[in-house]
Amino acid sequence: MLTRFNQDHEQPMELSRANTLWVTFLYCLPAIPLSAMGIIFFVHLPKFHSESLAIGLPVISLTLLMSRFWDALTDPLIGYLSDRIQAPVMRRPVWLFLGSLLGGGAFLWLCSETSMLLFGTGFYQYLLLLLLFFSCYTSAMIPYES
């Protein structure tokens with residue numbers, strides 16, 4: 001049996017092995033779609049954007065570089081905010097849910113040729129979509145990994 005201390009009484013609580021496995025499974029569940037988005041984004045989308053949307057590879061490379069610099073600024077900011085903002089219930093899952101929801105929408109937009117052509121495939125439009133995606137992705141991943 002695994003034990004965990006009750007926060008109110010400092011007495012150990014017994015956790016069954018099945019309960020521990022269930023909690024571990026639930027904790028790992030959000031990593032599957034978040035990792036899939038990251039893999040698809042970095043492996044397949046640059047090729048799709050260059051071939052189907054005729055976005056030049058220098059534009060894709062430069063906007064990815066700039067979005068990674070943006071990510072270097074937003075990572076500590078999101079970490080600070082998710083630590084400091086005290087939601088009444090489940091403060092980190094709220095960040096995970098909202099970031100996943102908005103990031104998923106931005107990801108679907110980036111994966112759709114029609115949506116990309118509707119919004120525009122210029123440098124600034126592409127950069128804006130990448131910054132939106134990475135900001136939402138960061139707001140989901142940083143609280144999740146904390």
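Each value in this text was obtained by applying a stated rule to the coordinates, not by laboratory testing. Because the structure is predicted, anything quoted here is derived from the model rather than measured. Don't worry about glycine lacking a Cβ; one is built from the backbone with ideal geometry, like all the others, and counts go over all protein chains shown.
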### Query
Using θ = phi - 60° and the Karplus form 6.51 cos²θ - 1.76 cosθ + 1.60, what ³J(HN,Hα) does each residue of the stretch 24-33 get, whole Hz, x for Gly and Pro?
5, 4, 5, 5, 7, 4, x, 5, 5, x
### Message
Using the Kirkwood radius over C-alpha pairs as Rh, can you work out the diffusion coefficient of the stretch 82-133 via Stokes-Einstein at 4 °C, viscosity 1.567 mPa s, in µm² per second?
### Response
103 µm²/s
#### Entry: Net charge of Cβ neighbours under 13 Å - reference residue 81; Lys, Arg +1; Asp, Glu -1
+1
### Task
Quick one: compute a quarter of the convex hull surface over the Cα atoms of the stretch 29-145 and quote it in nm².
7.2 nm²
### Task
Using 0.36 nm per residue of separation minus the Cα-Cα distance, give me the extension gain between residue 29 and residue 98 in nm, one decimal.
23.2 nm
### Query
What list of ³J(HN,Hα) couplings, whole Hz, do you get for the stretch 35-43 from phi and the Karplus terms 6.51, -1.76, 1.60, once you set θ to phi - 60° and write x for glycine and proline?
5, 4, 4, x, 5, 4, 4, 7, 9
